[in-house]
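Here is the structure we will look at.
The values are calculated or read from the model by the stated rules, or taken from the named source; none is laboratory data. Values in this document were obtained by computation on a predicted structure and should not be read as measured data. Here Cβ is always computed from backbone atoms with ideal geometry, including for glycine, and neighbour counts include all displayed protein chains. Side chains included, ligands, DNA and RNA excluded: accessible areas come from the protein's heavy atoms. Shrake-Rupley method; radii C 1.70, N 1.55, O 1.52, S 1.80 Å.
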Amino acid sequence: MRVLGIETSCDETGLALYDTDSGLLAHAVYSQVELHAGFGGVVPELASRDHVQKTLPLARQVLAEAGLDSADIDGVAYTAGPGLVGALLVGAAIGRALAYAWGVPAVGVHHMEGHLLAPMLEEPAPQFPFVALLVSGGHTMLVEVDGVGRYRLLGESLDDAAGEAFDKTAKLLDLGYPGGPALAALAERGDPARFRFPRPMTDRPGLDFSFSGLKTFTLNTLREHGGAGAGKAERADIARAFEEAVVDTLAIKCRRALERTGLSRLVVAGGVGANARLRARLAEAASRMGAQVFYPRPVFCTDNGAMIAFAGSQRLIAGEREPLSFTALPRWSLESLEVPGL
Ligand code: KG4
Ligand code: ZN
């Protein structure tokens with residue numbers, strides 16, 4: 001079955017074609033980062049309008065790259081939530097309409113299910129069951145995954161998501177938007193021994209996270225070292241201390257999640273999964289525990305259409321179908337998903 005995947009939940013337009021027999025055929029991502037950069041964050045209305053302009057040209061592009069035309073497509077999957085409602089509605093309306101016009105089934109996919117199944121696009125793909133750490137701009141979650149649609153939330157952020165904390169801290173350090181990668185680059189030049197930031201909520205049991213206090217801690221440290229006039233070295237040292245604290249906190253909770261579930265496979269997905277220090281720290285922790293860590297390739301860590309095409313294909317082959325109407329769910333619990341085919 002060949003499935004067209006459409007992702008428009010936030011500020012990336014992602015299109016892809018996935019074949020359940022031969023794997024990924026083509027994918028394309030257009031990032032709106034430049035459109036929003038001047039505003040310091042995503043402007044929802046601008047995001048929706050840009051998705052309107054980019055989705056169909058990118059659909060044509062992936063079809064051409066795969067050497068296929070619409071008659072070769074057996075189903076359409078689009079992100080139905082969670083995300084920005086206007087942005088979601090664009091992908092849902094286009095996806096549903098294409099499926100109707102082509103006479104094929106459509107399915108609305110949960111964005112986080114897309115992220116957590118993304119490592120299955122790689123070789124070797126992780127076997128079920130596994131623990132998934134989902135770390136994006138909007139979410140930080142630890143999930144026990146027994147199979148497609150079988151998700152148990154082990155813990156999540158009570159305030160800022162990890163990526164959001166990176167972005168807000170980067171803003172404090174004048175690194176622009178989105179600041180995660182820029183903060184990570186600055187941290188490379190920082191001295192890890194200069195400052196030690198707290199590892200929030202690691203001194204008590206449980207698998208929830210809280211990152212907003214770290215942002216305040218960073219702000220206070222910056223103020224004590226010159227504020228807006230702080231030098232390059234101070235900023236790099238602060239960036240390093242912040243990154244070490246986030247990465248350590250995530251690694252501690254992942255280790256706990258593996259211990260608590262007795263599982264030995266960890267899947268990491270979402271934009272922060274591209275962070276090199278996080279990858280190194282998780283590799284160390286996993287090797288000490290005899291566990292394995294799986295990642296999607298970097299372009300499939302951030303938002304993309306391939307993960308939606310893949311997750312949608314799993315649901316379509318199990319017989320899941322949307323009615324002719326469509327909905328967008330800005331809030332949508334991962335645990336409320338059903339097991340396809342049941
Ligand atoms: O998954 P994603 O593309 O979008 C959401 O669904 O939110 O994640 C984007 C987030 C942003 O907050 C970005 O700053 C962060 O991932 N990010 C990083 C890195 N690359 C992207 N954070 C830390 N280090 C990185 N290398
Ligand atoms: Zn995402």
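Consider T202 carefully, then state whether it is β-branched (V, I, T) and either out of contact with any strand residue (DSSP E or B) (no Cβ under 9 Å at 6 or more places or on another chain) or over 28 Å from D11 (Cβ atoms) (or both). Yes, satisfied. Identify the residue in segment 247-280 that is within 16 Å of ligand 1 (Cβ to nearest atom) and either touching a Pro at 6+ places or on another chain (Cβ under 9 Å) or not assigned by TED's automatic domain parsing to the domain that holds D191 (or both) and, among all such residues, is farthest from F294 (Cα to Cα). Going through the qualifying residues, I end up with T249. Per the conditions (1) buried (at least 19 other Cβ atoms within 10 Å of the Cβ); (2) among the small types (G, A, S); (3) away from ligand 2 (no atom under 16 Å from the Cβ), the sole criterion not satisfied by G270 is (3).
The sole residue among A132, A92, A165, A125 that is modelled with pLDDT of 95 or more, within 11 Å of ligand 1 (Cβ to nearest atom) and either touching a Cys at 6+ places or on another chain (Cβ under 6 Å) or not β-branched (V, I, T) (or both) is A165.
For segment 47-55, the criterion of being acidic (D, E), over 27 Å from A125 (Cα atoms) and either modelled with pLDDT of 95 or more or in the same structural domain as A161 (by TED's automatic domain parsing) (or both) is satisfied by at least one residue. Restricting attention to segment 152-168, the residues that are in contact with an Asp or Glu (Cβ under 9 Å, 6 or more places away or on another chain) and more than 16 Å from ligand 2 (Cβ to nearest atom) total 6.
Scanning segment 101-114 turns up at least one residue that is free of Cβ contacts under 8 Å to residues at least 40 places away in the same chain and open to solvent by less than 40 Å² (accessible area, probe 1.4 Å).
Take the conditions (1) assigned by TED's automatic domain parsing to the domain that holds T216; (2) in contact with a strand residue (DSSP E or B) (Cβ under 6 Å, 6 or more places away or on another chain); (3) away from ligand 2 (no atom under 16 Å from the Cβ); (4) under 16 Å from F310 (Cβ atoms); A106 misses just one of them, which is (1).
Having 2 or more residues that are in contact (Cβ under 8 Å) with a residue 12 or more places away in the chain, within 30 Å of P340 (Cα to Cα) and open to solvent by 50 Å² or more (accessible area, probe 1.4 Å) is the bar; report the strands (runs of 3 or more DSSP E) wholly within segment 121-226 that clear it. First the steps, then the outcome.
Details: elements: 130-135, 140-147, 150-156.
Correct list: 150-156.
Taking segment 227-342 as the region of interest, the helices (runs of 4 or more DSSP H) fully inside it that hold 2 or more residues being charged (D, E, K, R) are 232-261, 276-289. Of the residues making up segment 20-30, those that are touching a residue at least 60 places away in the same chain (Cβ under 8 Å) and touching a strand residue (DSSP E or B) at 6+ places or on another chain (Cβ under 6 Å) are L24, H27, A28, V29.
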